[in-house]
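A quick write-up on the structure given underneath.
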Amino acid sequence: MSEETTHQKVALVTGANKGIGRGVAEQLAALDMTVLIGARDPRRGEEAAAALRAAGGDAHALTLDVTDQATVREAARQIEERFGHLDVLINNAGITGSGQISPEDAHDQVPSAVDLDMVRAVFETNVFGVIAVTNAMLPLLRRSPAPRVVNVSSHAASLTLISDPDGPFAALLPSAAYSPSKSALTALTVQYANELRKDGVLVNAAAPGYVDTDSNNHTGFLTVAQGAAVVVRLATLGSDGPTAGFFSEDGSVPW
């Protein structure tokens, strides 16, 4: 049998015990991938993994706090020990900084009044955490015949969309934390893609859309499954797929 037919694909999804991450994990499991549920809370991670197994998927909980280098290193060690490789990395874990609140009520994000510690905390998870996890997992990804990295971003990362006074985001409050962190994430995506292009690692950013989750106090109009679809599509690209891109389910998102 060829390596392609015997190679069991392994995917790690950070922040996968709920929301978009949970939806992505469910869809990847349905594609017969072994899915690792990255979660800060071991109990919640195991509950999510157990639910996926009950539905017929191959899922395992992995304690992982992207802001804690020790748990990141330990997660990489466990994957190395149990599977020896990683095929898909979904950097999904993220925070808004404002807690469970709808975007139009996030007055604490207004640049002129923002708490600098909140900005630091958001970047620590949404940007620095992605660097920490990606770098820890790269040696494992390099062992895959078709490694894929997807960074879960947001339409709010688009400077083109956000800066248009007549555009769909004109009514949003200015954001000094969440939106800039996602803009930085898309920029980081391009840098990783450029470095890893020669190695066959496809790295892209996804904008799931306004999904009904805790982070927006369930004001989103898309289901978790709908939001997860573009992430899964980018995670399963063929060898001729794009890299260094920013995509929603409708196609390319402007930078």
remark   = Taking a label point 7 Å from the Cα of D199 along Cα-to-Cβ, the residues of the range 116-145 whose backbone nitrogen sits under 15 Å from it are 131-145
key: Where the chain is the region considered: accessible area per residue in Å², 1.4 Å probe   = 46 Å²
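For the chain, which whole-number percentage of the solvent-accessible area (1.4 Å probe, protein heavy atoms only) is attributable to carbon and sulfur atoms? List each step's numbers first, then the result.
Details: 6180 of 11740 Å².
In the chain, the share of accessible area belonging to carbon and sulfur is 53 percent.
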ask   = Shape of the range 68-113 from its Cα gyration tensor (a ≥ b ≥ c, root eigenvalues): rounded if a/c is under 1.5, otherwise prolate when a/b > b/c, or oblate?
value = prolate
inquiry  = Using only DSSP helix segments of four residues or longer, with each worth -39500 (n - 2.57), what per-residue ellipticity at 222 nm results for the chain after dividing by its residue count and rounding to 500?
reply    = -12000 deg cm²/dmol
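Normalising by the residue count of the range 117-203, find the relative contact order in percent from Cα pairs under 8 Å and 6+ residues apart. Please list the in-between numbers first.
Working: 72 pairs, mean separation 34.5, N = 87.
Reported relative contact order: 40 percent.
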key: Estimated distance in nm for a label pair at E124 and D105, the labels positioned 7 Å out from Cα along Cα-to-Cβ   = 2.5 nm
ask   = With a sphere of radius 15 Å drawn around the Cβ of G56, what net charge do the other residues whose Cβ falls strictly inside it have (Lys, Arg +1; Asp, Glu -1)?
value = -2
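Once the Cβ-Cβ distance between A30 and Q8 is put in as r, and R0 is 22 Å, what FRET efficiency do you end up with, to the nearest 0.05?
Details: r = 15 Å, r/R0 = 0.69.
Efficiency at R0 = 22 Å is approximately 0.90.
Report, in debye and to the nearest 20, how large the dipole of the range 35-136 comes out about its Cα centre when Lys and Arg carry +1 and Asp and Glu carry -1 on their Cβ.
On the way: 8 positive and 16 negative charges, 66 e Å.
Value, rounded to 20: 320 debye.
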query = GNM, the chain, Cα, under 10 Å: largest mean-square fluctuation among P139, P168, P147?
reply = P168
ask   = For F247, which sequence-distant residues (separation of 5 or more, or a different chain) have an amide H within less than 5 Å of its own amide H, given hydrogens modelled in the peptide plane?
value = A205, A206, A207, V253
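How big is the charge dipole of the chain about its Cα centre, in debye rounded to the nearest 20, if each Lys and Arg gets +1 on its Cβ and each Asp and Glu gets -1 on its Cβ? The partial results should precede the final answer.
Values: 18 positive and 29 negative charges, 120 e Å.
Using Cβ point charges on Lys, Arg, Asp and Glu, the chain gives about 580 debye.
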query = So what's the gap between the Cα centers of the range 141-178 and the range 43-65, to the nearest angstrom?
reply = 28 Å
key: Principal axis box of the range 1-69, alpha-carbon based, largest edge first, Å   = 40, 29, 17
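The values are calculated or read from the model by the stated rules, or taken from the named source; none is laboratory data. Keep in mind the model is a prediction, meaning the values are calculated, not measured. Reconstructed Cβ throughout: ideal geometry from the backbone, glycine too, with neighbour counts over all protein chains shown. Surface areas here come from the heavy atoms of the whole protein model, side chains and all, with no ligands, DNA or RNA. Shrake-Rupley method; radii C 1.70, N 1.55, O 1.52, S 1.80 Å.
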